[in-house]
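Step one of this worksheet: look at the structure below.
What follows draws every value from the coordinates through simple rules; no lab data is involved. Computed from a prediction, not measured in an experiment: that's the story for all the values here. Neighbour counts run over all protein chains shown; Cβ positions are idealised from the backbone, glycine included.
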Amino acid sequence: MFGALGDIHGDFQSARRIVERHPDVPFWVCVGDVADADGNYEGLPATLYWIKGNNENFDLIEAGRKARPHTAENLFYIPNGQLMEIPVGPGFGPGLRIAGLGGTFAPTWYDTRAAELPHPGKGSAKVRDDKRRHFVREEVNACAAMRDVDLFMTHEAPRPYRIGRLDAGKTPVNEVLAAMKPRLHLFGHHHRFSEQERAGVRSVGLDLVSRSYLLIRPETMEYHIHTL
């Protein structure tokens, strides 16, 4: 069994309460927007594997990728377009295969190389000026080329994702789902729980961490929602 958290937005108190409820759960995953409003991260009592949202400390993420894979105790960042295998116990082969496409979609920056996305400079509080909050085509292509993925996490939703009359879903997410065919897809960003199928893949939107979370069986990828 492993757990899945929606957007944290610095609510590490709720995240800790959830993790402490389930001391037998060896690790958790999160669909992004982990940092607080000041770009800080706090450790948790169990390992958390997470992708970026659009509200993060991107300087800290970049520094962590160069020196070490985590931003705080037990918080391990999954870069876009990289496959990670996480041990889950006997009888499950080499481990749970997880990939992610964090951040949001911006057509203006989509064809920029990830390493060339502009940002305002180290220490700036102008998160909206930091284009590292977006994903780009090369990362989408890297994800689409992956096979035998158990869990695919994105921050954005696939299409259609209706908010009133607006379709807030993003086509690149659908493209990856159609090519990759993961056993389960999780996303966040919209702060509400939802269940749908896209490109033949079960796709679940997660609520804020202060409201609910999932426990997932890796053997079947069946999940159960729990409220806080």
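Rounded, prolate or oblate: which one fits the chain, using the alpha carbon gyration tensor with axes a ≥ b ≥ c (rounded when a/c is under 1.5, else prolate when a/b beats b/c, else oblate)? Judged from the Cα gyration tensor, the chain comes out rounded (a/c under 1.5). For the chain, the antiparallel share of DSSP beta bridges with both residues in that region comes to about 50%.
Take the Cβ atoms of Met1 and Glu175, set R0 to 35 Å, and the FRET efficiency comes out at 0.70.
In order along the stretch 206-212, the phi-based Karplus estimate (6.51 cos²θ - 1.76 cosθ + 1.60, θ = phi - 60°) of 3J(HN,Hα) comes to 9, 7, 4, 4, 6, 10, 7 Hz; Gly and Pro are listed as x. In terms of packing, defined here as the mean over residues of other Cβ atoms within 10 angstrom, the peptides 7-15, 154-162 line up highest first as 154-162, 7-15. Residues Lys131, Lys181, Lys52, Lys170, ranked from the fewest to the most other C-beta atoms within 10 Å, line up as Lys181, Lys131, Lys170, Lys52. With R₀ fixed at 22 Å, the C-beta to C-beta distance from Ala63 to Glu85 puts the FRET efficiency at about 0.35.
Taking the fewest neighbouring Cβ atoms within 10 Å as the starting point, the ordered list for Leu184, Leu215 is Leu215, Leu184. Comparing mean-square fluctuations of Gly205, Gly43, Gly89 from a GNM of the chain with C-alpha springs under 10 Å, the top value falls on Gly89.
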